[in-house]
Amino acid sequence: MPPRKELLFALIKNRSTEKRKVTEAARCLINHGLLQNQREKVIAIRALGRHDAWTAALSILHAMRAEKCQPDETCYAAAIRSCSRGGSSAVALGLLAEMPVQSLQPTPSCYGAAISSCTAGGDWERALVLLDSFRAAEFRPDVMAYTAAISACRRGIQSKWAMWLMERMQQDGLEPDVVTYSAMISTCEESRRWREALHFLGSMHGTKVTPNVVTYSAAISACAKGKQFRSALRVLHLMRADSVPPNVFSFSAAITACEKGGRWELALSLWHEMADANIKPNRVCYGAAMGAFFAGRQWQQCLLLLRDMQKTAVNPDVITYTAVLGACEKGGKWELAVDLLGGMWHRRVRPDRICFSIVKRARHAGRLGRRSGRRQPLLQRLMRLRASSD
């Protein structure tokens with residue numbers, strides 16, 4: 001290979017290369033006719049797919065036609081997979097439909113990639129049709145094809161169809177892997193079927209498939225959505241017993257479960273455990289903990305969380321401030337609430353009507369006007385800002 005060609009291929013294959021540079025490298029390969037055989041073109045299309053550069057992958061397919069070089073089934077499979085990874089299901093399905101027109105028989109890899117393309121948009125009905133087409137072509141769907149169809153059902157919140165696919169898969173003599181189980185449990189989570197989620201998690205222990213952090217986190221989240229904080233904590237305990245370290249998503253789901261169960265003290269305990277494990281909370285985690293402390297009238301903890309957020313890259317938004325203000329209101333900390341409202345403007349967070357209603361209640365309570373003259377101008381200013389925003 002000429003050095004130039006080697007350099008361009010190295011850029012495309014390197015996963016850390018920027019998408020823009022990958023696209024430029026692909027264009028250069030095409031314009032200079034450096035892709036000399038089908039094998040090199042398939043390698044390039046697959047590499048572009050890993051960068052979500054599906055338009056560049058398609059340009060190779062179009063260049064082949066312009067050169068009167070008929071793409072084979074492998075090229076189509078690679079192109080469909082690239083479109084699937086790039087979230088362009090319509091183009092992926094169009095390529096699959098185009099194959100018989102070009103006198104090409106779609107391969108199992110083509111069908112599997114097309115089913116995967118249905119996942120992003122939750123097009124579960126199309127995924128089921130493609131699975132039937134898979135069989136009609138006298139191919140046997142593999143584990144990946146079934147898993148992709150189950151994932152499409154998850155996005156479409158169709159747990160019954162996902163469970164039907166799981167049964168059919170096992171009837172075909174296929175053993176679900178950890179990705180399949182994770183997709184199935186996530187489907188139960190989206191459909192708020194926590195009992196079924198725990199059933200599938202339990203059934204894994206009777207197989208050779210070991211749950212991973214994604215599987216456990218999905219099960220904890222399913223319990224949270226079902227308002228089953230005890231079950232969520234049991235899964236978290238089981239996770240540790242299986243030597244699977246919880247991550248930020250595991251803790252977020254468990255804290256959310258405690259929030260919905262009205263157990264702020266358990267949420268606080270989990271928060272400390274997360275800090276001890278050097279896991280940085282995300283916005284969902286902060287929101288769940290804030291909600292738990294707000295429901296428990298723990299305004300001090302809400303303030304501590306707010307100050308912690310202000311020190312990190314997770315900037316508090318108006319929803320966060322509203323929760324803290326509400327906690328201060330429940331705790332009778334009117335002056336503190338007004339100070340926080342003033343701080344919102346300094347941080348360029350625009351208070352909403354709920355925030356202003358707290359000011360109004362503080363004003364009517366008559367505490368600030370009599371006891372702190374310096375805050376009266378702030379109250380008046382905030383009320384004027386509310387009037388101007390209406």
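Using the heavy atoms of the protein chains and a 1.4 angstrom probe, tell me the accessible area per residue for the chain in square angstrom.
50 Å²
For region 86-219, the alpha-carbon coordinates run over 47, 28, 23 Å along the three principal axes, in decreasing order. Build a GNM of the chain with springs between Cα atoms under 10 Å apart, and of R230, R192, R155 the one that fluctuates most is R230. The Cα trace of region 103-156 gives Rg and Dmax of 10.3, 34 Å, the first to one decimal, the second as a whole number.
Given N residues in region 1-151, what is Rg(Cα) / (2.2 N^0.38 Å)?
Details: Rg = 15.5 Å, N = 151, 2.2 N^0.38 = 14.8 Å.
After normalising by residue count via 2.2 N^0.38 Å, the value is 1.05.
A simple spin-label model places pseudo-atoms 7 Å from Cα toward Cβ; at R353 and E125 they are separated by 3.7 nm. Of all lysines in the structure, those lying under 21 Å Cα to Cα from K68, and not within fewer than 8 positions of it along the same chain, are K41. Could you work out what % of the accessible surface of the chain is carbon and sulfur, using a 1.4 angstrom probe and leaving DNA, RNA and ligands out of the count? Answer for the chain is 51 percent, counting heavy atoms of protein chains only.
Here region 198-347 has an Rg and Dmax of 16.9, 60 Å, counting Cα atoms alone. Length gained on full extension, D132 to Q300: 54.7 nm, using 0.36 nm per residue less the C-alpha separation.
For region 179-230, the Cα-based Rg and Dmax, in that order, read 9.9, 30 Å.
What translational diffusion coefficient, to the nearest whole µm²/s, does region 3-72 have by Stokes-Einstein, given a Kirkwood radius computed over alpha-carbon pairs, a temperature of 10 °C and 1.306 mPa s viscosity? Spell out each step's value before the answer.
Numbers: Rh = 11.7 Å.
Value of D from the Cα-based Kirkwood radius: 135 µm²/s.
For region 154-240, the extents of the C-alpha atoms along the principal axes are 36, 28, 16 Å, listed from largest to smallest. Remark: C-alpha extents of the chain on the principal axes read 87, 52, 38 Å, sorted largest to smallest. When the listed pairs K13/K208; K160/K280; K208/K280; K260/K330; K225/K280; K260/K280 are checked against a 25 Å cut-off, the alpha-carbon distance exceeds it for K13/K208; K160/K280; K208/K280. Largest GNM mean-square fluctuation among K260, K13, K225, using the chain with Cα springs under 10 Å: K13. Springs between alpha-carbon atoms under 10 Å, Gaussian network over the chain: tell me which of I185, I220, I319 tops the mean-square fluctuations. Comparing I185, I220, I319 in a Gaussian network model of the chain, the most mobile one is I319.
How long is the gain from E98 to N282 if the chain were fully straight, where each residue apart is worth 0.36 nm and the alpha carbon distance is subtracted?
Details: separation 184, 0.36 × 184 = 66.24 nm, distance 4.42 nm.
Computed gain between E98 and N282 is 61.8 nm.
The values are calculated or read from the model by the stated rules, or taken from the named source; none is laboratory data. As the structure is a computational prediction, the values presented were derived from the model and not from experiment. For neighbour counting, all protein chains shown are included, and Cβ atoms are generated from backbone atoms with ideal geometry for every residue, glycine included. Note: accessible area is taken over every heavy atom of the protein model, side chains too, but ligands, DNA and RNA are not part of it. Shrake-Rupley method; radii C 1.70, N 1.55, O 1.52, S 1.80 Å.
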